[in-house]
Amino acid sequence: MNISMQYPVPAGLRLFALLGAVLLLGIAAVGPARAGICRVTTAGTAGNDGSTWTSPMDLQTALDDTGCSEIWVAAGVYQHVPDPSSLGASFVLTHDVALYGGFAGTESSRSARDPAANASILSGMLPEGHSAHVLLIGRDDGTAITSNTVIDGFTITGGDAEEQQFQVGGGLICAASGVGSSCSPVIRNVTFSANRAWNGGGMFVYSSDGGVSNPTLVNVTFSDNRATVAGGALEIKSEDNGSSAPTLYNVTFSGNRAEEDPDSTPQNQARGGALYVDDASPSLINVTIMDNYASYTGGGIRVAHSSPDPMTLSNVILWGNTSYLPGLSQIDGRGSSTRISHSVVQGAFPGGVWDTNLGVDGGGNTQDNPFLGTLANHGGSTETIVPGAGSSAIDAGDDQCLAATPLSVDQRGMPRPQGSGCDIGAVEVAYATALTVNSVSGAGSVSAAANPLKLDGSIDACDGSDPARCHADYAQRSVVHLNATPAANWSFAGWSGDCSGTSVHLNLVMDSAKSCAASFVANADANLSVTIDDARDYVRAGQLLTYGIAVSNSGGTAVADVEISDVLPPQLDASSAQWQCLPSGGATCTSTGNGDISDTVDLPAQGSAFYILTAPVLAGHGDTVANQVRVSSDSGTISATDTPPLVIFRTGIARAYARPAPARPT
């Protein structure tokens, strides 16, 4: 299984040796099996079982453990440094497992993670040098790694295989050798950045001797990776009856380079700045390839050898890529039957005729400017490139986006199509659709979930008091999740307007501008409460002390003949006390009175009575004063006491009675 690379061949590269080493590493490390979900943090250890976030495992132990069917990885930078060898510095995956990043380290469900906010980074940047390959996935013993293996929510960076024994796949190797062996994981929401190798700087896909390597890449970005020979970002290769047919959905390539020693002759320079394909048949659907470079040919893509099943490109943008051979800067498909359809390819029609050196014209292609922006955070968990106004990519794709996910959404999760047709490339240009909560009646609020992505505005704790918190723009056809939260002792009554139903959780399809209202009602039962406060910590004898006493009914039923009683403690001069009552919400009470409070009030639903009581403080009745008010109705009696009790000072002396006077010196 010698791997033969074009211009030049990395000497002595035999991938079966790498696969054997991978398999041995995986088998040797397997420990006692855990069950189900295993949690990983940067502080995790092999001695923990990963069953909770407070008992996390380290990443390689979790990968080795066949009992970990799903691995949750908290935010942080993960480096594998068990020994100084290049293989030992790689994370190794040899069996089916679902690996999810983007956790804060407190979640109880996978859906609660946020990869955009909680970066889980697999790094080849070691304390001394680099990992040759950050992540290895492979088998050569007839074992299948299937689509049940998932790598989701990670950045893979810092791998450098240029000076190592196996000079391919600085970020990731996915390889299978031998009948029955396969490497076909799902790689989703992953960024490959700043990795290096001779071949496949970011990722290397390989098969031989009847092995199958068919990974699926979804919502992936390759940026700033480099190869010395071929495939600055990605190389896909098969040989000796192997089969390599990956599928790429919603993938962006930007700033990757395939670049040989500048002193070499042009023919010995590198190929495939973004992608190099050798005797393989990948499918690219909704892919953007921009600003990549090859020092010889195929700044975007070089297809080196034809496969029985040709490579296909559908809804792909190839723009702004450069190479020594300028006419083949976007894609060099010479000698292949690569089929290109519904794609934007710069310079594809010189003189108005399709350039057959690019591949086969499958129809629907254009060379008009897509007006691409820059690689940046435009929403979602990976950086993307958005077409601008007047782009040739808008509404020009085929109708594949009418199928199920991942075709029905773009790399950011925006629904496709937004306009009259699907856009070409990894990103669908969003058409803003407004959602307004124009009315909130009763006590409660409305919020929208963080996903899907908002284009503008916010619906967050909208209670009707601030319009700015009650309006947001969403991409057309987004499904917005609204949540109604009633206040204490209130219940949600239902939605109206463009929303309907009585569930507090509502999924609303934004197929047009929407305006909704939410209604809350007070709970049916009465709910009485009382508070008392003097807003002071200290008082002196002879001073006037003022209390505020609030009696309220936050329930949904009126209560009549509620008895209010405040028998003043001996520290207060009841004979000189005065009080007044301020009713609200339809309540009734006695407006003024003297001495102790003894009043009968009626409290409708949401009604209240507020008493203001003033009384002088008497000397000689102890050091503290605690005043208690009682509220009685047919449903029982409740009370409240002013706390903390006041400390009473002698007039003119700034210390409490309870503090003893210092002893006189003798």
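The values are calculated or read from the model by the stated rules, or taken from the named source; none is laboratory data. As the structure is a prediction and not an experimental result, all values here were calculated from the model. Glycine also receives a Cβ, built like all others from the backbone with ideal geometry; neighbour counts cover every protein chain displayed. Just the protein is used for accessible areas: all its heavy atoms, side chains included, with ligands, DNA and RNA removed. Shrake-Rupley method; radii C 1.70, N 1.55, O 1.52, S 1.80 Å.
Shape of segment 299-341 from the C-alpha gyration tensor: oblate (a/c of 1.5 or more and a/b not above b/c, with a ≥ b ≥ c the square roots of its eigenvalues). Where a ≥ b ≥ c are the square roots of the eigenvalues of the C-alpha gyration tensor, would you call segment 267-353 rounded, which needs a/c under 1.5, or, failing that, prolate if a/b is larger than b/c, or oblate? The shape class here is rounded.
Think of segment 119-265 as a dipole: +1 on every Lys or Arg Cβ, -1 on every Asp or Glu Cβ, centred on the Cα centre; then among Thr252, Leu135, Ser123, Thr252 lies furthest on the positive end. Length gained on full extension, Asp399 to Leu126, computed as 0.36 nm times the residue gap minus the Cα-Cα distance: 93.7 nm. Remark on Cys68: its backbone amide H falls under 5 Å from those of Arg34, a criterion applied only to residues 5 or more positions apart or on other chains, H modelled at 1.01 Å from N.
How large a share of the accessible area of the chain, in percent, is made up of carbon and sulfur atoms when the probe is 1.4 Å and the other protein chains stay in place? Roughly 51 percent of what the probe reaches on the chain is carbon or sulfur. Separation of segment 586-648 from segment 451-517 is 42 Å, based on Cα centroids. Computed from phi, the 3J(HN,Hα) profile of segment 132-139 under the Karplus parametrisation 6.51, -1.76, 1.60 (θ = phi - 60°) reads 5, 9, 5, 9, 10, 10, x, 9 Hz, with x in place of Gly and Pro.
Test of understanding: extend the Cα→C-beta vector of Ser598 to 7 Å, then name every residue of segment 553-579 with backbone N under 20 Å from that spot. Label zone hits: 561-579. For the pair Arg630 and Asn451, the difference between a 0.36 nm per residue extended length and the Cα-Cα distance amounts to 59.6 nm.
Summed over the residues of the chain and divided among them, the accessible surface reaches 39 Å² per residue at a probe radius of 1.4 Å. In this structure, Ala487 and Leu582 have a Cβ-Cβ separation that, at R0 = 25 Å, corresponds to a calculated FRET efficiency of about 0.65.
In segment 321-359, which residues have a backbone nitrogen under 11 Å from the label point lying 7 Å from Asp309's Cα in the Cα-to-Cβ direction? In segment 321-359, the label zone of Asp309 (backbone N under 11 Å from the point 7 Å along Cα→Cβ) covers no residue. What's the longest piece of the chain with no exposed GluC sites (Glu not before Pro), counting a site as exposed if DSSP puts it in a loop and it has at most 13 other beta carbons within 10 Å? Counting only loop sites that pass the neighbour cut-off, the longest clear stretch is 164-666. Modelled label-to-label distance, Thr356 and Phe371, 7 Å Cα→beta-carbon offset: nm? Each label point is offset 7 Å from its Cα along the Cβ direction, giving 3.6 nm.
With R₀ set to 25 Å, the beta-carbon distance separating Ser408 from Ala434 gives a calculated FRET efficiency near 0.65. Helical content alone sets the calculated 222 nm signal of the chain at -1000 deg cm²/dmol, taking -39,500 (n - 2.57) per DSSP H segment of four or more residues and averaging over every residue. Using only Cα atoms, find the angle between the long axis of helix 15-29 and the longest principal axis of the chain, and express it within 0 to 90 degrees, rounded to the nearest 10. Rounded to the nearest ten degrees, it is 30. For the pair Ala558 and Ala104, label points projected 7 Å from Cα toward Cβ lie 4.6 nm apart. Entry note, the chain: relative contact order of 6 percent, from Cα contacts under 8 Å with a spacing of 6+ residues. Distance between the 7 Å Cα→Cβ label points at Asp466 and Ser529: 2.2 nm. Projected onto planes of every orientation and averaged, the convex hull of the alpha-carbon atoms in segment 179-265 covers 6.0 nm². Cα gyration tensor of segment 61-157, axes a ≥ b ≥ c as square roots of the eigenvalues: rounded (a/c below 1.5), prolate (a/b > b/c) or oblate? Since a/c reaches 1.5 but b/c is at least a/b, the shape of segment 61-157 is classed as oblate. For the chain, the fraction of C-alpha pairs more than 45 angstrom apart is 42%. Rolled with a 1.4 Å probe across the full set of protein chains, the surface gives Cys581 an accessible area near 10 Å².
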